[in-house]
Every structure is written in C-alpha cells, then in structure tokens.
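Student: Here it is, the structure, as structure tokens.
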Amino acid sequence: MLFNTPQFFVFLAVVLGLFYTAPHSWRKPILLLASYFFYMSWNAKFVLLLLVLTTVDYFAGMWIERTAPSHRRKLFLIASLSANLGFLGFFKYFNFLAANLETVLRLPSHHWDIVLPLGISFHTFQSMSYVVDVYRGEQEAISSPLDYALFIAFFPQLVAGPIVRAREFFADLFHWRRPENDEILRGAFLTLFGLAKKMVLADQFAFVANQYFGNVSGHAGMLQAWSGTVAFALQIYFDFSGYTDMAIGMALLLGFHFPVNFRRPYLAQSITDFWHRWHISLSRWLRDYLYIPLGGNRHGRLMTYRNLMLTMLLGGLWHGASWNFVIWGGYHGVLLSAEKATGTAAVTVGRPWLQVPRMALTFALACIGWVFFRAATLHDSMQVIGQMLHGARGHMLLGPWYLRMIAFALLLAILEEKRDWFERVVKGPAWVYASAMAALLIAVELAGVTEVTMPFIYFQF
C-alpha cells in the first residue's frame with residue numbers, strides 16, 4: 001500500500017476516524033494494529049521478522065537496564081546488535097558478499113532469490129539506536145511491549161523514515177495531547193504538499209532519468225549526460241522529501257512531532273552543508289552512532305579524515321548492496337575530508353556573488369555522485385562520468401516544461417530560505433491556506449502522474 005494511492009488515503013481516513021473516536025485506552029492498540037496491517041499489506045509473512053526483531057530489542061533494553069555495568073551487560077548489547085545486523089546483512093548483503101567471494105575465489109556463481117523486507121534498513125537503525133541509548137544511560141528501557149512495538153512499526157515512517165529517536169517518539173506517546181488547530185492545518189498541508197512533490201515533480205523527472213539511465217550507451221552527449229543526471233537528482237529529492245513531508249504531516253495529524261529531514265539541500269554551499277540539509281535523520285544517526293564512537297575529530301586530522309571516510313563508506317553501503325553505493329559513499333567522504341582540510345566547509349553569509357557559484361559547484365558535485373547512486377552498473381557509471389566531463393555536446397533531455405518546473409521549484413526554495421513562505425501559508429488567513437491547498441489539489445489532478453503508480457525510491461532501502 002503506497003502513500004500515493006487512493007487505497008492508502010482510505011486507510012488513513014479510517015485510522016484517523018478510529019483513533020479520534022475510540023476511548024483513550026484503545027488508541028495505542030489501534031495505531032499498532034493499523035501499522036501491522038500497513039506492513040502486512042506489502043508482504044504478510046515478513047511481519048514475523050518485524051516481530052522477532054522487536055522482541056529481541058525490547059528484552060535487550062530491559063536486560064541492559066537491569067544489569068549493572070559488566071561484561072554481561074555488554075553481551076546483551078552485542079547480542080541485540082548482532083541480531084539486527086545479522087538479519088539486515090542476510091537480506092540485503094548476502095548475494096553481494098557471495099558474488100564478491102565467488103569472484104575472488106573463482107567459485108561457481110550462485111544467486112539466492114532473496115526478497116528485501118520492507119523498510120528493514122530504517123526500522124533496524126531506529127531499533128539499534130534505542131538499545132545503544134539504553135546502554136549509554138541516555139534512554140530508559142520501555143517497560144510496555146505494546147509501546148515499544150509501536151515505536152518500531154509506526155506506519156507513517158516505517159518504510160523510509162525519518163529515523164526517529166526513542167526519546168522523541170516516547171515524549172509524544174507518553175505525554176500525548178490532541179493536536180492544536182494550527183498543527184492539524186500544518187499536518188494536512190504537509191501531507192498534500194508531499195504528495196504533490198511526488199506525483200507532480202518526482203514522477204515527471206523520473207521519465208527523463210529512466211530514459212537516460214535505461215540506455216546510457218544510446219545517449220552519448222555531454223548535455224544528455226548532465227540533463228539526465230540532473231533529472232535524477234531532482235527526482236530523488238522530490239521523491240524522498242515528498243515521502244518525508246507526508247510522514248511528518250500524517251504523524252502530526254496523530255499528535256506526533258517528527259524531526260525535519262530535508263532543508264533545501266540543493267541550496268547548500270558545500271558538501272558539508274549539503275549533508276546538514278539532506279536526510280538529516282540519517283546524517284545525525286551516522287554522526288552519533290558511528291562517527292563520534294570512531295573518535296570523531298578528537299585525535300588529529302588524519303584520524304578525522306579516516307573516521308569521515310569510514311562513516312561515509314558505511315553510509316553508502318547502507319543504501320544498497322553494490323560497489324556503486326560504496327563508491328558514492330566514498331566520493332562524499334573524500335569531498336567532506338577535502339573541505340575540512342581546506343577550510344571550505346563553512347557557509348558564506350551576506351555575499352550573494354560568492355554564494356551562487358558555491359551553490360552551483362556543490363550541486364554539480366552532488367550530481368556527479370548521484371551517477372553512482374542511479375546507474376545500474378559500475379560500467380554504466382563510468383560511461384556517464386566520461387560523457388559528463390568530455391563527451392560530445394549532444395542535446396538536452398529536459399524540455400521547456402521541465403525547465404519551467406525547475407524554475408518554479410527553485411523560486412519556492414529560495415523564498416522558503418529567505419522568506420519562510422511555508423509558515424506564512426500555514427499561519428496566514430484562511431483564504432490563503434485554502435487557496436494553497438486548492439492549488440496543490442489541482443496540480444496533482446492536472447499535472448500529477450496517474451497513468452502508473454511509481455513506488456517511492458527509498459522503499460528499496
């Protein structure tokens with residue numbers, strides 16, 4: 001059941017209706033049952049995996065809290081992390097590791113037809129962060145199995161985030177209050193705004209990106225390479241941020257406050273700034289549970305660069321089981337290290353003549369990285385990079401319609417950066433809010449891609 005389908009909005013309406021009309025004591029069970037129904041609508045048998053991981057981490061948290069600091073306490077943590085990473089490693093990386101071992105050892109090739117469970121990367125990271133926080137003493141163990149199961153399975157962000165910390169979720173769950181009117185307006189607007197991002201923008205740019213990356217050899221020009229890659233850069237941003245907007249909006253309608261996950265990343269002035277704006281919940285997870293435990297920037301420059309590289313390499317591998325994703329992560333690690341070494345990570349303030357070229361350069365560098373993210377094979381990636389850097393001129397794949405959409409989206413991003421138009425709409429007069437909602441509905445109806453239902457890109461992770 002995808003967010004961009006009529007069936008999902010019927011489901012959402014039913015959940016909201018039951019949630020707000022049922023007695024208070026029924027609300028948690030209603031949300032948990034709805035979340036499991038949502039998960040099982042994709043593949044019912046994998047609900048057993050979700051239940052196993054939930055049970056393991058629930059008891060791990062309880063045992064860790066009740067055990068005095070000792071070797072045994074650490075064993076509980078290791079057992080929990082091993083279970084999570086073991087399941088994630090099998091479903092996501094088994095064939096990748098096996099293929100590489102077969103190549104190195106020159107063994108016969110074997111490929112298992114393994115189906116990747118829905119959202120396993122997201123709920124695994126969320127669950128691991130809870131257990132680590134309990135071990136560190138930063139989070140109390142959750143005594144109610146129902147409460148913990150809801151934290152893991154909560155349907156708005158189960159599939160593709162944002163990755164929510166336990167203290168954020170349980171602060172709302174344990175002190176739940178009915179959303180204020182402005183929160184309901186914000187939640188409804190975010191939900192519709194995210195849907196428009198997905199159907200009107202992301203799915204439109206997907207046609208161009210798929211056309212180019214589906215036949216890299218048949219599009220040998222520099223302009224084709226750049227326009228096809230820009231199309232994917234815009235597709236993945238509007239697709240993923242659209243999902244996140246919908247998740248945050250729906251959670252708000254239910255009285256939960258999720259953290260911001262995107263903050264206009266293509267207006268970043270450096271790759272460091274880009275990662276402060278792109279998939280923010282993953283960036284802070286990698287920082288708090290990988291980069292800082294590795295040593296962060298506490299042991300000199302060389303160790304800082306090493307920690308950055310390891311963090312980004314593993315962050316790349318988290319996205320997918322292929323060398324393309326490893327290279328994508330390593331590429332960003334090199335850029336982040338280079339900016340730290342040269343002191344170019346800082347954001348320029350108050351000098352537009354310097355901000356604009358820095359934004360353009362950062363966007364270009366991000367696009368080069370997206371090639372490895374999108375291309376089907378490493379060979380295709382190198383072909384695209386070659387075309388981008390020294391190919392024949394070729395022709396643009398983005399026609400006038402797409403250029404107008406890009407100009408409009410850029411204008412909205414700049415206005416949000418400088419004038420905070422979103423808040424003005426949500427908190428403005430009723431006629432402004434109603435007009436904006438009507439405009440989004442009309443855009444989805446007239447310009448949204450409805451001929452085919454395209455899944456969200458991050459569903460595959």
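Student: Check the stretch 244-257 and report whether any residue there is under 28 Å from residue 368 (Cβ atoms) and of a type outside the set (Lys, Arg).
Tutor: The answer is yes, given that some residue of the stretch 244-257 is under 28 Å from residue 368 (Cβ atoms) and of a type outside the set (Lys, Arg).
Student: From the list 388, 382, pick out the single residue that is surrounded by 16 or more Cβ atoms within 10 Å (Cβ to Cβ), under 14 Å from residue 216 (Cβ atoms) and in the same structural domain as residue 216 (by TED's automatic domain parsing).
Tutor: Working: 382 fails: surrounded by 16 or more Cβ atoms within 10 Å (Cβ to Cβ).
Of the residues listed, the single one that is surrounded by 16 or more Cβ atoms within 10 Å (Cβ to Cβ), under 14 Å from residue 216 (Cβ atoms) and in the same structural domain as residue 216 (by TED's automatic domain parsing) is 388.
Student: Are there helices (runs of 4 or more DSSP H) fully within the stretch 45-113 with at least 2 residues that are in the same structural domain as residue 33 (by TED's automatic domain parsing) and within 29 Å of residue 142 (Cβ to Cβ)? List them. Steps first, answer last, please.
Tutor: Numbers: elements: 47-66, 71-88, 94-105.
Where helices (runs of 4 or more DSSP H) fall fully within the stretch 45-113 and carry at least 2 residues being in the same structural domain as residue 33 (by TED's automatic domain parsing) and within 29 Å of residue 142 (Cβ to Cβ), they are 47-66, 71-88.
Student: Name the helices (runs of 4 or more DSSP H) wholly inside the stretch 159-261 in which the number of residues that are farther than 30 Å from residue 147 by Cα is 1 or more. Steps first, please.
Tutor: On the way: elements: 166-174, 181-196, 203-213, 222-253.
Answer list for the stretch 159-261: 181-196, 203-213, 222-253.
Student: Going by what's in this entry, would residue 148 be described as in contact (Cβ under 8 Å) with a residue 40 or more places away in the chain, aromatic (Phe, Trp, Tyr) and closer than 27 Å to residue 27 by Cα? Even if it seems obvious, please write down each step before you answer.
Tutor: Details: in contact (Cβ under 8 Å) with a residue 40 or more places away in the chain: yes; aromatic (Phe, Trp, Tyr): yes; closer than 27 Å to residue 27 by Cα: yes.
It is true that residue 148 is in contact (Cβ under 8 Å) with a residue 40 or more places away in the chain, aromatic (Phe, Trp, Tyr) and closer than 27 Å to residue 27 by Cα.
Student: Take the stretch 114-151 and flag every residue that is part of a helix (DSSP H, G or I), at pLDDT below 95, within 21 Å of residue 41 (Cβ to Cβ) and not hydroxyl-bearing (Ser, Thr, Tyr).
Tutor: The answer is 120, 122, 123, 126.
Student: Taking the conditions exactly as written (over 29 Å from residue 165 (Cα atoms) and at pLDDT below 95), does residue 232 satisfy them or not? Lay out the reasoning, then the answer.
Tutor: Working: over 29 Å from residue 165 (Cα atoms): yes; at pLDDT below 95: no.
Criteria not met by residue 232.
The values are calculated or read from the model by the stated rules, or taken from the named source; none is laboratory data. Small disclaimer: the values here were computed from a predicted structure and weren't measured. Neighbour counts run over all protein chains shown; Cβ positions are idealised from the backbone, glycine included.
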